[in-house]
1. Helix-only mean residue ellipticity at 222 nm, the chain, DSSP H runs n ≥ 4 weighted -39,500 (n - 2.57), per residue, nearest 500. What is it?
2. Report, in listed order, any pair from LYS81/LYS173; LYS22/LYS207; LYS11/LYS175 with a Cα-Cα distance greater than 27 Å.
3. Please check the chain for the longest run free of GluC sites (Glu not before Pro) that are loop-located per DSSP (anything but H, G, I, E, B) and have at most 13 other Cβ atoms within 10 Å.
4. Does segment 102-184 come out rounded, prolate or oblate by the C-alpha gyration tensor, with a ≥ b ≥ c the root eigenvalues, rounded set by a/c under 1.5 and, if not, prolate when a/b is larger than b/c and oblate if not?
5. What is the sum of charges, Lys and Arg at +1 and Asp and Glu at -1, for the other residues whose Cβ falls under 14 Å from the Cβ of CYS213?
6. Gain in length, THR37 to GLN109, computed as 0.36 nm per residue apart minus the alpha-carbon separation, to one decimal in nm?
7. 5 Å is the cut-off here: which amide hydrogens, built 1.01 Å from N in the peptide plane, fall below it relative to ALA198, excluding neighbours closer than 5 in sequence?
8. Can you list residues from other chains, or at least 5 along the same chain, whose modelled amide H is less than 5 Å from the amide H of TYR110?
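What follows is calculated from the coordinates using simple rules that are stated; it is not laboratory data. This structure is a prediction, so every number in the text was calculated from the model and none was measured. Backbone-built Cβ (ideal geometry, glycine too); neighbour counts: all protein chains shown.
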Amino acid sequence: MNINDLAELIKSRRSIRVWHDKPVSEKLLCDAIELATYAPNGGNQQNWHFYVIVNKDIITSIADAVQETADLMVSWPEAAKYGELSIRIIQRSSFFRSAPAAIAVTTRQYESAIEKMSAERKDKDPRARDIYGWRHIANAGIQSAASAVAYLTLILHQMGLGTVWMTGPMQAKGKIEKILGIPAGNDLVAFLPVGYPAENPDLRARKPVTEVCEVIK
């Protein structure tokens, strides 16, 4: 693949929220995940775990859990100040119930020697407390999982499948982890409904590189 082919793959990818009612092969999804595990990850700990969900009843149960939490949030008095658009977005949190398949991504806590040392020392040393805090802002476990998810969205696109990288289901994290039987120590960090696209959204404009990039000489 040359750089032009790669650019076309990246630029043609879209977040898909409508799918054809057509089963997705488990093998295809597992093949995609295998490739995604070649993503960069902190300390080569490969601290991710993927749950491939092809059972529609389970996807429905997850969507119900997300919707129940969304309805609760919309009922809060604080919701009103964020406007009607924000409320509508929250109310549509369970749109993925129509997806033929889904992938839940979890991660274990990343612990290098730096994390362990700074954690032990942070309560008695301000410098160690800063180091500990800064390392957690750039959480290596989250970065590793995000790297794999970014790969996964492109791989699925190349396979002719459509997905959307969701963090919205995190509002029902505890319930989803129980539904999927995710063990203690693993945390749900992303959810990707998957299927054959039944829509082709327009590309949303990107900020010019001059606005988001600074060259330091």
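1. After summing the helix terms and dividing by residue count, I get -14500 deg cm²/dmol.
2. Listed pairs above 27 Å: LYS22/LYS207; LYS11/LYS175.
3. Between the exposed loop sites, the longest stretch runs 1-198.
4. Cα axes put segment 102-184 in the prolate bin.
5. +1
6. 24.2 nm
7. VAL18, TRP19, HIS20
8. Counting only residues 5 or more places away or on other chains, the set is GLY141.
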